[in-house]
């Protein structure tokens, strides 16, 4: 049975409100979201719109001021840390590991939620690590120290660690930022394989609207801490929605060969108030 067919899989947040401390402004303000299971969802929006913060709330990396998150029909606050780590893997923009740690050693760290303290590695641990290295195409580099990898290879190594957890849900916060186009496609093609081959539910934060259009099944557009639009790329990537979310004028082109959409920014849109000025 694939993840998408499993009867108890679900991930949602209701009426979420959050800030990082009492003296700072609200970052997420009343957001409700239901993640499509077994699909690729992408959070888009301008800088400061709350994308990464919403991801942290859904992963219990940040406690909400109000609202709740439901994971597989249970309040996420009820889950022990080890159980949450078995269900959900998350990678943020900055990950740090000793530079002399090898790719294989890093990947084995993903098995910690499945082992008790001082417990020896099991055949299941070895199988999970081998599968993670295979899926990420990092097997040939398994003995390479992390410090000797390119930025794209490092990102794949960290994803291998997350996959070794054997999670049902995988969150990736800006996984393609600062990577060249070839490595961006490596990451996104891997994301697509994880959905198709393993039925994973994937949630990404992306700034590249064209990558989002090509790979996402569902988009959530944020602005000022609120989800202002959600739907398929065809429904969300319209000149009107992009104007409302990003303050840009854009042309949307449908690529005939793949059927995907391309967003071509043209210029900054006029202030919202002037959009409704009548003469």
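The values are calculated or read from the model by the stated rules, or taken from the named source; none is laboratory data. Here the structure is a predicted model, which is why all the values come from computation and not from measurement. Cβ placement follows ideal geometry from the backbone for every residue including glycine, while neighbour counts extend to all protein chains displayed.
Assessment of the stretch 71-81 against the conditions (in contact with a helix residue (DSSP H, G or I) (Cβ under 6 Å, 6 or more places away or on another chain) and surrounded by fewer than 20 Cβ atoms within 10 Å (Cβ to Cβ)) yields no matching residue. For the stretch 121-130, the count of residues that are surrounded by fewer than 19 Cβ atoms within 10 Å (Cβ to Cβ), modelled with pLDDT under 95 and either assigned to a loop (DSSP other than H, G, I, E, B) or under 22 Å from the mean Cα position of the chain (by Cα) (or both) is at least one.
Annotation: residue 39 fulfils all but one of (1) surrounded by 20 or more Cβ atoms within 10 Å (Cβ to Cβ); (2) modelled with pLDDT of 90 or more; (3) touching a strand residue (DSSP E or B) at 6+ places or on another chain (Cβ under 9 Å); (4) over 15 Å from residue 226 (Cβ atoms); the unmet one is (1). Sub-8 Å Cβ pairs linking a first residue in the stretch 173-187 that is at positive phi to a second residue that is surrounded by fewer than 16 Cβ atoms within 10 Å (Cβ to Cβ) and in a helix (DSSP H, G or I), at least 6 apart or interchain, are 178/151, ordered by first then second residue. Taking the stretch 35-54 as the range and being farther than 14 Å from residue 207 by Cβ and under 10 Å from the mean Cα position of the chain (by Cα) as the test, the residues that pass are 40, 41. Taken together, the criteria exclude residue 13 from residues that are more than 30 Å from residue 242 (Cβ to Cβ), assigned to a strand (DSSP E or B) and touching a helix residue (DSSP H, G or I) at 6+ places or on another chain (Cβ under 7 Å). What about residue 100, is it in contact with a helix residue (DSSP H, G or I) (Cβ under 9 Å, 6 or more places away or on another chain) and part of a loop (DSSP other than H, G, I, E, B)? So residue 100 fits the description; yes. The requirement of being at pLDDT 95 or above and surrounded by fewer than 20 Cβ atoms within 10 Å (Cβ to Cβ) is not satisfied by residue 173. Among the residues making up the stretch 20-49, those that are within 21 Å of residue 88 (Cα to Cα) and assigned to a loop (DSSP other than H, G, I, E, B) are 35, 36, 37, 38, 39.
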